[in-house]
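The structure appears below as structure tokens.
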Amino acid sequence: MIKGSCGNFTGFSYHLVGVGGIGMSAIAQVLREKGHVVSGSDRNYDKYITQDVFSKLSAQGISLYPQDGSGVKENTDYVVVSSAIEEDNPDVRKARVFNKKIIKRADILAEMFNPGYGIAVGGTNGKTTVSCMVGYILDFAGLSPTIIVGGCIKNYANNSRLGNAKTGVSDIIAIEADESDGSIVLYAPRISVITNISKDHKSVEEISKMFITLSQNTRERLILNTDCPYLKAIDFDHKDIVTYGLHDNAGICAKNIVYKPFQSTFTIDAQSFEINLPGSYNVSNTLAAIGVARSLNISDGKISAALREFRGVQRRMDIVGEVDGVKVIDDYAHNPEKVMAAITAVKLGCKRVIAIFQPHGYGPTRFMKEEFVDAFTKALSPHDVLFLPEIFYAGGTARKNISSSDIVKRVSRGGKNAFFIEKRDDIIPAIYKLVSPGDCILVMGARDNTLTEFCRKILYTMAKW
């Protein structure tokens, strides 16, 4: 156990390498609120990219340094790194010179999480939205949880807060448990949610094994999505399983569902619910959050009231703005299933989708190439339009033997309007040539915080047209 990592101790000094990342920044904020000295470095900070993130961290008393080793001091107690940080990183090298303890992000999160009343939300898709909903509902109900999630809850985001973390006074801690790096097996929750399984980063078989381990580590209740065929195929040997879904065989089942543009309503056991989110997948996400809240004896009336106030998560079906009847929407969709869900949801509120998808990482794109082709071919209508810039490259070693153009060629052969434009900004003039009132411009992609800035640039440019 890292002394004082989740307690009320003060005086420990943590330096987080990659502090601008969504997961690292959440931990940094909670550590700071617990009274620790916190500093961090980040490549984007060095490049003057996404400075809004760093200004908010700085406003909370988190010291920021270039990623050149200068942030690691002789009095630094712990250096925290993610699995993406290379061994030759200057901060890591400096930590070794000073013989400092180097901790993985997942390990420190597990040590903050496991001693408390832990609620872990995992799944290939939907875990960010569900974990944010869970945290907000519990907070709304007065349970004062600590929240560490992979998205920025709009209700909490302000001039000095990112919205992806909140420190409570109870022993309840609600987190988003990530399976992409295998760290999900480190957690020992009281309550776990598994939203679904699909190919993403790893094969279905590999992901399934990790979720089986999570279920075995879960000490009280396991909440499962009965609509997921891969989850249904697993014989979870657990004493307390609650299921949710959109069909009658689920323990928590939505009835009387009405899908509206950017809103959905439904009932459960005569209680009406309303969420400010579109699409069937968000109704499913809400059922998972309701399952957690009920497990903590929060009444359906209180849950419903919280959900009406829940404003959603940044970069999850986020309407950035509208010009002349054209909405620009920012979404984190980055795997085939999420891409299909996002396009389908947007279709509820527009006459045509102009989709821009930026794949992230050469390895993941190569791994899921066929699934991406299938997703776009199925989701896009003949009048919709798809643009792909080149694959987003965040650095490190990678075999660059695939291009976005490879996906576009296949989708085009499937009869869809798909175009490869290498530089992202060059897509904006192409949009100008075809956009008309009633269209929705849907920007999708992960790991790149500048995509939101790109959305704003589209809006700004359209306003001048």
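The values are calculated or read from the model by the stated rules, or taken from the named source; none is laboratory data. Values in this document were obtained by computation on a predicted structure and should not be read as measured data. Cβ placement follows ideal geometry from the backbone for every residue including glycine, while neighbour counts extend to all protein chains displayed.
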Exercise. Which pairs have Cβ atoms under 9 Å, sit 6 or more apart or on different chains, and link a residue in the stretch 418-443 that is closer than 19 Å to residue 377 by Cα to one that is acidic (Asp, Glu) and surrounded by fewer than 20 Cβ atoms within 10 Å (Cβ to Cβ)?
Worked result: 420/390; 420/406; 421/390
Problem set entry | Residues that are among the hydroxyl-bearing types (Ser, Thr, Tyr) and modelled with pLDDT of 95 or more, drawn from the stretch 368-398 | 377, 381
Exercise. Wholly within the stretch 50-144, which strands (runs of 3 or more DSSP E) include no fewer than the required count, namely at least 3 residues that are hydrophobic (A, V, I, L, M, F, W, C) and not assigned by TED's automatic domain parsing to the domain that holds residue 231?
Worked result: 78-81
Problem set entry | Top-ranked residue of the stretch 46-72 - restricted to ones that are closer than 11 Å to residue 19 by Cα and aliphatic (A, V, I, L, M), ranked as modelled with the lowest pLDDT | 53
Seminar exercise, completed: For the stretch 152-170, the count of residues that are farther than 17 Å from residue 62 by Cβ and either touching a Leu at 6+ places or on another chain (Cβ under 8 Å) or surrounded by 22 or more Cβ atoms within 10 Å (Cβ to Cβ) (or both) equals 3
Problem set entry | Positions within the stretch 231-276 being under 30 Å from residue 330 (Cα atoms), out of contact with any Leu (no Cβ under 9 Å at 6 or more places or on another chain) and at pLDDT below 95, in sequence order | 247
Exercise. Which residue, of 284, 299, is more than 30 Å from residue 463 (Cα to Cα) and either among the aromatic types (Phe, Trp, Tyr) or surrounded by fewer than 20 Cβ atoms within 10 Å (Cβ to Cβ) (or both)?
Worked result: 299
Problem set entry | Count - residues of the stretch 324-366 that are hydrophobic (A, V, I, L, M, F, W, C), surrounded by 18 or more Cβ atoms within 10 Å (Cβ to Cβ) and out of contact with any Cys (no Cβ under 8 Å at 6 or more places or on another chain) | 10
Exercise. Among 52, 46, which is in contact with a Pro (Cβ under 8 Å, 6 or more places away or on another chain), farther than 20 Å from residue 106 by Cβ and free of Cβ contacts under 8 Å to residues at least 24 places away in the same chain?
Worked result: 46
Problem set entry | Members of the stretch 399-417 that are among the polar types (S, T, N, Q) and free of Cβ contacts under 8 Å to residues at least 12 places away in the same chain | 412
Problem set entry | Residue in the stretch 185-203 that is β-branched (Val, Ile, Thr), in contact with a Gly (Cβ under 6 Å, 6 or more places away or on another chain), outside the structural domain of residue 20 (by TED's automatic domain parsing) and surrounded by fewer than 24 Cβ atoms within 10 Å (Cβ to Cβ) present | no
Exercise. What number of residues in the stretch 426-452 are touching a Ser or Thr at 6+ places or on another chain (Cβ under 8 Å) and over 19 Å from residue 338 (Cβ atoms)?
Worked result: 3
For this session: Among the residues of the stretch 181-199, count how many are closer than 20 Å to residue 368 by Cα and either in contact with a Pro (Cβ under 8 Å, 6 or more places away or on another chain) or among the aliphatic types (A, V, I, L, M) (or both).
Result: 3
For this session: Spot the failing condition for residue 331; the list is (1) more than 21 Å from residue 425 (Cα to Cα); (2) of a type in the set (Asp, Glu); (3) touching a helix residue (DSSP H, G or I) at 6+ places or on another chain (Cβ under 6 Å), and only one is missed.
Result: (1)
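For (1) surrounded by 13 or more Cβ atoms within 10 Å (Cβ to Cβ); (2) more than 27 Å from the chain's Cα centre (by Cα), each residue gets a yes or a no:
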position	(1), (2)
380	yes, no
386	yes, no
406	yes, no
416	yes, yes
422	no, no
436	no, yes
443	yes, no
458	yes, no
